[in-house]
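Structure first, then comments.
The values are calculated or read from the model by the stated rules, or taken from the named source; none is laboratory data. Bear in mind the structure is a predicted one, so any value in this text is a computation, not a measurement. Methodologically, a virtual Cβ is constructed for each residue, glycine included, from the backbone with ideal geometry; neighbour enumeration extends over all protein chains shown.
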Amino acid sequence: MRGTPVAGEPDTRSPEQDGAVGPAYRPGYEVVAEQIIKLIAELRLAPGDRMPTENELAARLGASRTVVREAVRILSAIGRVRAHKGRGLFVADGEGMLGSSRWGGSFMPTDLDQIFMLFEFRRVQECAASRLAAARATPAELRAIKDAAEMCREGHTSGRDELFDQGDDLFHLGVAEASHNPFLVAAVREARRLQRQSSVIGMHGALGDHARDAVAEHSAIYEAIRGGDPDAAAEATSVHLDKTLDEYRREIQRRVFGSGSSDNR
């Protein structure tokens, strides 16, 4: 059964979502966060510009200060807003918790511990995204996920690594977008950017069994989402990421550290 509003929470679905696919509940702070981003654009505020206060935002957006404060906290985490105690709110430069500058100087694509932590991060985000997608995906989003899975399949069968990689990105981002949670989309996009750094060393030219298995695993994730089964979608995603991590470990150990083995590579 697809998602329904939680008791006691506002139904924030849009009119076009109020159809056969069922309502798509979104928490108030998520909606307000999007409204704040739109307001920044409408006011033509640039990085470093002072924003309205939380009280002013609450009055302008018709929300409680508590909800506005939570929205600001999330926008600060993803690098869209900076809160300076005693000074107010300012438009940020986009380099927050998920911004590239925080990770770019510290992430080492050959450090197996960091790669393991990256996959831990991906598992948390993408299992949640898959679970929500199973409850919220629209027919158009399901088609996009299916098309991306087919692109991966074509890339594998034709031996076109770039096509496989493109489909793989579109698949995982498509699932995230079907969660209707922009913060999950940001997290998934950033984690995949970091993964590409390790892919250059660990997996380039080594699709082989990994691509074949990924095609089947993508299909399992898609079918679970299409069937509206959140538990099955999360489990299929977890299996896919765990198997991909095992492939990374073997390849990086073999290519960088000269140890371990990898079949058919």
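What to note about this one:
- For the stretch 133-145, a tally of residues being more than 18 Å from V239 (Cβ to Cβ), aliphatic (A, V, I, L, M) and crowded, with 22+ Cβ neighbours inside 10 Å returns 2.
- Qualifying residue in the stretch 159-170 (condition: of a type in the set (G, A, S) and surrounded by fewer than 18 Cβ atoms within 10 Å (Cβ to Cβ)): yes
- Identity of the residue in the stretch 34-50, under 21 Å from F183 (Cα atoms) and among the hydrophobic types (A, V, I, L, M, F, W, C), that ends up surrounded by the fewest Cβ atoms within 10 Å (Cβ to Cβ): A41
- Residue within the stretch 62-75 that is under 21 Å from L184 (Cβ atoms), polar (S, T, N, Q), outside the structural domain of E177 (by TED's automatic domain parsing) and part of a helix (DSSP H, G or I) present: no
- Failed condition for R2, given (1) at pLDDT 90 or above; (2) in a loop (DSSP other than H, G, I, E, B); (3) of a type in the set (K, R): (1)
- Being farther than 22 Å from R212 by Cα and either modelled with pLDDT of 95 or more or surrounded by fewer than 18 Cβ atoms within 10 Å (Cβ to Cβ) (or both) is a description that does not apply to A148.
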